[in-house]
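Asker: Below you will find the structure I want to go over with you.
The values are calculated or read from the model by the stated rules, or taken from the named source; none is laboratory data. Since this is a predicted model, take the numbers as computed values, not measurements. Heads up, the Cβs are rebuilt from the backbone with ideal geometry, glycines too, and the neighbour counts pull from every protein chain shown.
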Amino acid sequence: MAELSITYTPKYAGCHRIGLSNSGDTAFYVYTDYSASILGTPKTIVIPVTEELLAALRLDTSSIFLCGDVTIAGYVQPCCADEDDEDSKERFGFSADVSVPCNQYQLGCQRSGIETIFGINIGSGYNPLSPPAVNITSAQGAGATATAVISPSGTLQSIIVTNPGNGYNNNSFPITVTIDPPPGPGTQATAQFYKHTPCGPDGIVEFIDCNGDNATIEPPQPNQTINICSQSIPNTAGAGLFTTVTSIGGQACCRCYLYRIANTDKDPIAIEYLNCDGEVIIETLQPDTVAPGFIERCCIANTVYTKNIPSVLIVTNQGDCS
């Protein structure tokens, strides 16, 4: 809940009325301050921004995104005076941000498990009934295991990750995959790391969206970041040890931009983003046979992301949403 902090100097003992209106408006929202007053000693009161107050300020109470400051005209008046007594009102004015305190947070991922390993050279001379060992090594991370699938002809058909492990970051500490040579004549197959799991096995980040609803989102891949908007610090307890949360300077999530999202891959891509209501949206972006397939969506800054390789997705900021 947003709040207005108002400081004034009481000239009377007892309670005071605080009147607030949009600058130039004659209708006032009246808040009664019953707290103790000391004559001539400044005091500060905090007034919650309610739907009633927003309505009195002629602001759209259905919108959670109230961008920019509002110019407020106000007055202080002792409760013992008649509300229509203009002479007893001490006038003041100020600018205030009355937007919902839904701030941007950046989710990051330092390390995670291994989701996919691709074969590079299929080799030859392997026994399908006794596949070779797949060895995974890295200066950081542990626990990942994989099994080689050998075709009837004795070549490498695929590699199945049987345990993703955790604590890996291929960008910072390259992951090396080696396959044992064939037992007899033939050529050794080769493979390489392809993709990480999300940050932590089946990890999710819990947060309260800008509508006050409970929401969840998957953390990004290692060395990627995504921004979300939350009314509280996102909870990463279920997201794995290596998920990070950073406040983006306390910026309110009231500004939306139009993004052009293009798919340069040959396959469809599942994309996720936060729309201007702070809701997580998931949709499939199809490729195009002639040029990259694209969509244009209005969403909160820097939230477009995907679990696929980032290089196949081109995201362009087209400016403010109309």
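Asker: List the number of the failed condition for Ser95; all other conditions in (1) in contact (Cβ under 8 Å) with a residue 40 or more places away in the chain; (2) in a strand (DSSP E or B); (3) closer than 30 Å to Gln231 by Cα hold.
Answerer: (1)
Asker: Cβ-Cβ under 7 Å, sequence separation 6+ or interchain: first residue in the stretch 6-29 and assigned by TED's automatic domain parsing to the domain that holds Ala81 and closer than 10 Å to Ile72 by Cβ, partner basic (Lys, Arg) and assigned to a strand (DSSP E or B). Which pairs?
Answerer: Sorted first by the residue in the stretch 6-29, then by its partner, the list stays empty.
Asker: Pairs needed: first member in the stretch 155-169, more than 17 Å from Leu129 (Cβ to Cβ); second member anywhere, in a strand (DSSP E or B) and hydroxyl-bearing (Ser, Thr, Tyr); C-beta distance under 7 Å; at least 6 residues apart or different chains.
Answerer: These pairs meet every condition: Val161/Thr116; Thr162/Thr145; Thr162/Thr147; Asn163/Thr145; Asn166/Ser112; Tyr168/Ser112.
Asker: Something else about it: Taking the stated definitions as given, is Tyr75 closer than 23 Å to Asp87 by Cβ, in a loop (DSSP other than H, G, I, E, B), of a type in the set (Phe, Trp, Tyr) and modelled with pLDDT of 85 or more? Even if it seems obvious, please write down each step before you answer.
Answerer: Numbers: closer than 23 Å to Asp87 by Cβ: yes; in a loop (DSSP other than H, G, I, E, B): no; of a type in the set (Phe, Trp, Tyr): yes; modelled with pLDDT of 85 or more: yes.
No, not satisfied.
Asker: Is it true that some residue in the stretch 78-87 is in contact with a strand residue (DSSP E or B) (Cβ under 9 Å, 6 or more places away or on another chain) and either modelled with pLDDT of 95 or more or assigned to a strand (DSSP E or B) (or both)?
Answerer: So far as the stretch 78-87 goes, yes, one or more of its residues are in contact with a strand residue (DSSP E or B) (Cβ under 9 Å, 6 or more places away or on another chain) and either modelled with pLDDT of 95 or more or assigned to a strand (DSSP E or B) (or both).
Asker: Here's a follow-up. Which ranges mark the strands (runs of 3 or more DSSP E) fully within the stretch 108-174 that have 2 or more residues being of a type in the set (Ser, Thr, Tyr) and farther than 22 Å from Thr243 by Cα? Even if it seems obvious, please write down each step before you answer.
Answerer: Values: elements: 114-121, 134-137, 145-150, 156-163.
Counting at least 2 such residues, we get 145-150, 156-163.
Asker: Can you work out which of the residues in the stretch 225-249 that are among the hydroxyl-bearing types (Ser, Thr, Tyr) and part of a loop (DSSP other than H, G, I, E, B) is surrounded by the most Cβ atoms within 10 Å (Cβ to Cβ)? Let's see the steps before the verdict.
Answerer: Looking only at the stretch 225-249, we keep the residues that are among the hydroxyl-bearing types (Ser, Thr, Tyr), and these are 225, 230, 232, 236, 243-244, 246-247.
Remaining after also requiring part of a loop (DSSP other than H, G, I, E, B): 232, 236.
Working: Ser232: 12, Thr236: 21.
So the residue we want is Thr236.
Asker: Could you please find all residues in the stretch 38-51 being loosely packed, with under 10 Cβ neighbours inside 10 Å and at pLDDT below 90? Explain how you work it out, then say what you get.
Answerer: Within the stretch 38-51, the first condition is being loosely packed, with under 10 Cβ neighbours inside 10 Å, and the residues that meet it are 39-42, 44, 46.
Passing the criteria: Leu39, Gly40.
Asker: Is it the case that some residue within the stretch 132-152 is touching a strand residue (DSSP E or B) at 6+ places or on another chain (Cβ under 9 Å), surrounded by 15 or more Cβ atoms within 10 Å (Cβ to Cβ) and under 25 Å from Tyr105 (Cα atoms)?
Answerer: no
Asker: State which residue is nearest to Asp84 (Cα to Cα) when the search covers only the stretch 1-60 and only residues that are assigned to a loop (DSSP other than H, G, I, E, B) and of a type in the set (Phe, Trp, Tyr).
Answerer: Among those residues, the one meeting the criterion is Phe28.
Asker: Output yes when any residue across the stretch 283-296 is modelled with pLDDT under 85, in a strand (DSSP E or B) and surrounded by 20 or more Cβ atoms within 10 Å (Cβ to Cβ), and no when none is.
Answerer: No, the conditions are met nowhere in the stretch 283-296.
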